Every structure is written in C-alpha cells, then in structure tokens.
1. Given the condition open to solvent by less than 50 Å² (accessible area, probe 1.4 Å), part of a strand (DSSP E or B) and more than 19 Å from residue 29 (Cβ to Cβ), answer yes or no: does some residue in the range 97-105 qualify?
2. Across the range 37-54, what is the number of residues that are without any contact (Cβ under 8 Å) to a residue 24 or more places away in the chain and touching an Asp or Glu at 6+ places or on another chain (Cβ under 9 Å)?
3. Going through the range 31-55 one residue at a time, which ones are open to solvent by 40 Å² or more (accessible area, probe 1.4 Å) and among the hydrophobic types (A, V, I, L, M, F, W, C)?
4. Do any strands (runs of 3 or more DSSP E) entirely within the range 1-91 hold 2 or more residues that are among the acidic types (Asp, Glu) and in contact with a strand residue (DSSP E or B) (Cβ under 7 Å, 6 or more places away or on another chain), and if so, which?
5. Answer yes or no as to whether residue 102 is of a type in the set (A, V, I, L, M) and within 20 Å of residue 36 (Cα to Cα).
6. Would you confirm whether any residue within the range 6-26 is open to solvent by less than 40 Å² (accessible area, probe 1.4 Å), among the aromatic types (Phe, Trp, Tyr) and in contact with a Leu (Cβ under 7 Å, 6 or more places away or on another chain)?
7. Give the residues of the range 78-97 that are of a type outside the set (Val, Ile, Thr) and within 21 Å of residue 50 (Cα to Cα), sorted by residue number.
Amino acid sequence: MKKYELLKDDTKNTLGRTLYRIKALRNFGDVTKGDLGGYIESENNLSHYDKAWVYDNVRVFGNANVFGNANVFGNARVFGNAKVFGNAKVFGNASVSGDAEVYGNAN
C-alpha cells in the first residue's frame, strides 16, 4: 500500500528536473495522513515501506533514494546516486550527492 502520492500541481524545478511535492496517504511514524512533505522527482526516490519521509523544502532527485526509517528535513538536497537510510537524519542546508551514503544512526 502506497504511503504517499505525488502532487502534480505543486512542483519545483531543480537543475532542469521537475520535482513533485508529496502528500501522505496514511499514518506512519510521526506523519499523519494528509501531511505535505518535501519534493521528489519520482517514486524511486522515496520508499513506500517503513517510516522514511522527506519534510519541509527537501529535494530528492536523480537516482537518489531515501528509505528505511531515514528522515530528511529543512532545505536539504539528496541527489545523484546518494542513499539515506537506516535511522539516519539529514537536515538544515545539507547536500548529500554523488555516491554518498548516510545510514545507521547518523545525524
């Protein structure tokens, strides 16, 4: 069962890519059905499993992937082939890119 949908009428353009705001379809973790999240390029960027979520003005695109129980907040960017997973938290104006991996309990 999907945990979010892409809002086709709420987009941002980043480096020539169209990113879509996400909206929660069910409750999980600290997310409530109807909550708006950050922006992703496609459903390949954020898992529908576990409690992973992107908040605020976050942008996830390219081959990047957020999964597990990871959370990305603020104005952070995750792109390229980067992965954020486990219980990791990325926040502020952080950029995770290239082949970087942030995982475990990293903050």
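1. No, the range 97-105 contains no residue that is open to solvent by less than 50 Å² (accessible area, probe 1.4 Å), part of a strand (DSSP E or B) and more than 19 Å from residue 29 (Cβ to Cβ).
2. Summing the residues that are without any contact (Cβ under 8 Å) to a residue 24 or more places away in the chain and touching an Asp or Glu at 6+ places or on another chain (Cβ under 9 Å) in the range 37-54 gives 1.
3. Residue satisfying the conditions is 36 alone.
4. 4-14
5. No.
6. no
7. 79, 81, 82, 83, 85, 86, 87, 88, 89, 91
The values are calculated or read from the model by the stated rules, or taken from the named source; none is laboratory data. On a predicted model such as this, the values are computed, not experimentally measured, just so you know. When we count neighbours, we look across all protein chains shown, and the Cβ atoms used for this are built from the backbone with ideal geometry, even at glycine. Please note that ligands, DNA and RNA were not included when accessible areas were found on the heavy atoms of the full protein model with its side chains. Shrake-Rupley method; radii C 1.70, N 1.55, O 1.52, S 1.80 Å.
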